[in-house]
Amino acid sequence: MASISESFSRIRQGLLLGIAFVLLIVIAGMIAWLVEQSTSDAALVAHTLQVQNTLSELLLNVRRAESGQRGYLFTNQQHYLDDFNEAAPEVEQQLQELHDLVLDNPARLAEAARLKELTDAKFVEMRRTIELNQSGQREDARALVLGGAGRDLAAEIRKLTDGAIADEARLFNERSNRSRLNSQTLLAISLVGTLLIVVIGGFSIYLVQRNYRQRELAQRELESTNANLESIVEYRTADLQEANEEIQRFAYIVSHDLRSPLVNIMGFTTELEMLRKDIFERVAKLQEDITRLQAPVEPAAADAVNDLGKDFDEAIGIIKTSIERMDRLINAVLKLSREGRRQFNPEQIDMAAMMKSIVDSVAHRAAESGTQIEIGDVSPVESDRLALEQIFSNLIDNALKYGRPDGGHIEINGRATATQAIYEVRDNGRGIDPKDHQRVFELFRRSGVQDRPGEGLGLAHVRALVRRLGGHIGLSSELGKGSQFTVTLPRRWMQDKTRRSAA
Amino acid sequence: MNSQISELPVEIVMVEDDEGHARLIEKNIRRAGVNNRIMPFTNGTEAVKYLFGADGSGSVNKGKPLLVLLDLNLPDMTGVDILKRIKTNEHIKRVPVVVLTTTDDAVEIQRCYDLGCNVYITKPVNYDSFANAIRQLGLFFSVIQVPASD
């Protein structure tokens, strides 16, 4: 449930962030567009000012030319013509400039054309008066001026120019208004954009922090769960250790206390035996005495005494063998319990050398039964030397003990994985019935024909040791074909096992 | 301080809860020709009472040559405690203590010697060995010098 609502909220977060980023991109586009717009607005405003300026200068130059012409006509002084001559090309040039400037505005272009016409006409009139005056026809020139055609032209030029300037002023206002509006819009959108960035940033920070908090919370939960788990494991391990110790102590005490009555049984049985000797000696002596007294003893009576002696001996013999056997069993339990309490000393062990020394120690027996023992590739391992010696001595000893009497063959092999060292002891001997595969590892349990000495201890001991070393032992066998014992051990000594073995 | 060897015959205090064992031990000691008085106790409390007296000071045995045969597994206390008390008592600390028990645990043996036990013997189940051990112990008893308690 929690995970579904969480994934929903994650999708919602993503969606929100996505929308916010799209908005940001739109705003950035708008800002770019507005900046572009305001640049072109500024250019237009500058353009308007330029047109106004050109018009003003044009008018000024026309006036200058006119005042030069008038001055010359009035004073007949040649230097007045300088102004006229200077103004004329400038007017030409300014008309051209104006034409170029107003190409974008058809109405203004028409006005510019009209202005050019008027200006040209004005200059034609002025040149004509100047030429007339230069050629001495002063009166004609004066009459032309007085005729008022030039003045009308000038007036019209001024009217046209003023109109255009005023119109340009209107355009200027319009454009600068628009430019201001653009700037304001730009400012507003920039502010909105900034605000949006702040909001998105804040939201992102909030999300990151919330995620971080959630992760931290989850981690803490995990840690506490782990710690809890560890303490549970520790608790259980301690429990098991305690139980194990209890069993070891129990085995020790029981076997120990069992020995005590055994000493008595054994002791008094022997005492009885000694008594029997005394009694029978006395009986024999009595018989002798009777014989000496000439009283014939029936042979049957002597036989009866003999039989009685045999029965006595048999009973005591059985009691004593049983006691000895019981003593061996108790000693075995004691040994196992003592082994269970022994502390391991892990070290790096050259298994090939160890296997060789074990095989050497049984070489004599192997030669007697004609058994071949082969040691293959066995990898080294970090473990307890004594324990491994006991394990493999037992396995090799068993292989020899239950091996084939003719042409026995024992193979010792090994291999290693990343974490485990595996050893196999294989023989071609009598094998173990599948129904006994588990039983043979139990204390005092044996399998097959009981024609070999033993108490059923070896494999129980081996399995207990392998387990304490942190490994396990497996058996595959078929009756009459042989057995294979596989011992799997950790390649490296594990720390917690030292604790287990210390228990 | 009386540091001379006692003229009195040594008395053997046998602390052994198993009456059968006690009987077998006594038989075999006698067979070795040891005729000293043997005081058998089948539990720790009585043995302690005898060794240390009613006041628990041990002064009752002052001047008496004693030898203690001690089993470790007693019904009411462990023999180790008795050993410790004997070896820390000012009057009877020099009394030789022979621990005769079924335990052959190395740690236990070490502990007893650490506490001042003089001889530690494990009872063998095999009776021949047992009888032999006790007889030798008897021979040992017949030759060792035992100081009188201070």
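Each reported figure results from applying straightforward, stated rules to the coordinates on display, with no laboratory input. What you are looking at is a predicted structure, and each value in this text was computed from that prediction instead of being measured. Here the Cβ is made from the backbone with ideal geometry for all residues, glycine too, and neighbour counts use every protein chain on show.
For the range B:96-150, enumerate the residues that are within 14 Å of another protein chain (Cβ to nearest Cβ) and assigned to a loop (DSSP other than H, G, I, E, B).
Within the range B:96-150, B:THR102, B:THR103, B:ASP104, B:ASP105, B:LYS123, B:PRO124, B:VAL125, B:ASN126 qualify.
Mind checking which residues of the range A:227-256 are surrounded by fewer than 13 Cβ atoms within 10 Å (Cβ to Cβ) and either at the interface with chain B (Cβ under 9 Å from one of its Cβ atoms) or under 16 Å from B:ASP18 (Cβ atoms) (or both)?
A:ILE253
Residue check: is A:GLU174 of a type in the set (D, E, K, R), assigned to a helix (DSSP H, G or I) and more than 21 Å from A:ARG70 (Cβ to Cβ)?
Taking the combined requirement at face value, the residue satisfies it.
So that you can scan it fast, the table gives a plain yes or no per residue for (1) touching a strand residue (DSSP E or B) at 6+ places or on another chain (Cβ under 6 Å); (2) more than 23 Å from A:GLN241 (Cα to Cα); (3) assigned to a loop (DSSP other than H, G, I, E, B):
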site: A:GLY456; (1), (2), (3): no, yes, yes
site: A:HIS461; (1), (2), (3): no, no, no
site: A:VAL466; (1), (2), (3): yes, no, no
site: A:GLY470; (1), (2), (3): yes, no, yes
site: A:LEU475; (1), (2), (3): yes, yes, no
site: A:GLY480; (1), (2), (3): no, yes, yes
site: A:PHE485; (1), (2), (3): yes, yes, no
site: A:LEU489; (1), (2), (3): yes, no, no
site: A:TRP493; (1), (2), (3): yes, no, yes
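Select from the range A:64-103 the residues that are charged (D, E, K, R) and either buried (at least 19 other Cβ atoms within 10 Å of the Cβ) or touching a helix residue (DSSP H, G or I) at 6+ places or on another chain (Cβ under 8 Å) (or both) and write down the one among them that is farthest from A:ALA143 (Cα to Cα).
A:GLU97
Name every residue in the range A:257-268 that is more than 8 Å from chain B (Cβ to nearest Cβ) and closer than 17 Å to B:PRO75 by Cα, in order of residue number.
A:LEU258
In the range B:52-80, which residues are within 23 Å of B:LYS123 (Cβ to Cβ) and assigned to a strand (DSSP E or B)?
B:LEU66, B:LEU67, B:VAL68, B:LEU69, B:LEU70, B:ASN73, B:THR78
Only one of (1) surrounded by 17 or more Cβ atoms within 10 Å (Cβ to Cβ); (2) under 28 Å from A:ARG249 (Cβ atoms) fails for B:LEU67. Which number is that?
With respect to (1) surrounded by 17 or more Cβ atoms within 10 Å (Cβ to Cβ); (2) under 28 Å from A:ARG249 (Cβ atoms), B:LEU67 is out only on (2).
When both residues are 6+ apart or on different chains and their Cβ atoms are under 6 Å apart, which pairs have a first residue that lies in the range A:429-446 and is on the phi > 0 side of the Ramachandran plot, and a second that is of a type in the set (D, E, K, R)?
Pairs that qualify, where the first residue is on the phi > 0 side of the Ramachandran plot and the partner is of a type in the set (D, E, K, R), are A:GLY431/A:GLU478; A:GLY431/A:LYS481.
Of all residues in the range B:71-81, which are under 12 Å from B:GLY116 (Cβ atoms) and in contact with a Gly (Cβ under 8 Å, 6 or more places away or on another chain)?
none
State the number of residues belonging to the range A:323-360 that are within 14 Å of chain B (Cβ to nearest Cβ) and outside any helix (DSSP H, G or I).
2
For the structure I just gave you, tell me whether A:ARG220 is in a helix (DSSP H, G or I) and over 60 Å from the mean Cα position of the chain (by Cα).
Against the criterion (in a helix (DSSP H, G or I) and over 60 Å from the mean Cα position of the chain (by Cα)), A:ARG220 does not qualify.
Tell me the residue from B:VAL80, B:VAL143, B:VAL97, B:VAL119 that is in contact (Cβ under 8 Å) with a residue 24 or more places away in the chain and surrounded by fewer than 20 Cβ atoms within 10 Å (Cβ to Cβ), please.
It is B:VAL80.
Tell me which residues, restricted to the range B:20-59, are of a type in the set (Gly, Ala, Ser) and within 14 Å of chain A (Cβ to nearest Cβ).
The answer is B:GLY20, B:ALA22.
For A:ARG276, all conditions in the list (1) in contact with a Phe, Trp or Tyr (Cβ under 7 Å, 6 or more places away or on another chain); (2) touching a residue at least 40 places away in the same chain (Cβ under 8 Å); (3) within 14 Å of another protein chain (Cβ to nearest Cβ) hold save one; what is the number of the exception?
Evaluating A:ARG276 over (1) in contact with a Phe, Trp or Tyr (Cβ under 7 Å, 6 or more places away or on another chain); (2) touching a residue at least 40 places away in the same chain (Cβ under 8 Å); (3) within 14 Å of another protein chain (Cβ to nearest Cβ) leaves (3) as the failure.
Filter the range A:349-391 down to residues that are surrounded by fewer than 16 Cβ atoms within 10 Å (Cβ to Cβ) and touching a Leu at 6+ places or on another chain (Cβ under 8 Å) and give me whichever is farthest from A:ASN428 (Cα to Cα).
My answer is A:ARG365.
Conditions: (1) touching a strand residue (DSSP E or B) at 6+ places or on another chain (Cβ under 7 Å); (2) away from chain A (no Cβ under 14 Å); (3) not in a loop (DSSP other than H, G, I, E, B). B:LEU8 meets all but one. Number of the miss?
Evaluating B:LEU8 over (1) touching a strand residue (DSSP E or B) at 6+ places or on another chain (Cβ under 7 Å); (2) away from chain A (no Cβ under 14 Å); (3) not in a loop (DSSP other than H, G, I, E, B) leaves (3) as the failure.
Tell me which residues, restricted to the range A:447-489, are of a type in the set (Lys, Arg), in contact (Cβ under 8 Å) with a residue 24 or more places away in the chain and farther than 14 Å from A:ASN398 by Cα.
A:ARG468, A:LYS481
Counting only residues that are touching a residue at least 40 places away in the same chain (Cβ under 8 Å) and part of a helix (DSSP H, G or I), which one in the range B:28-51 is surrounded by the fewest Cβ atoms within 10 Å (Cβ to Cβ)?
So the residue we want is B:ARG31.
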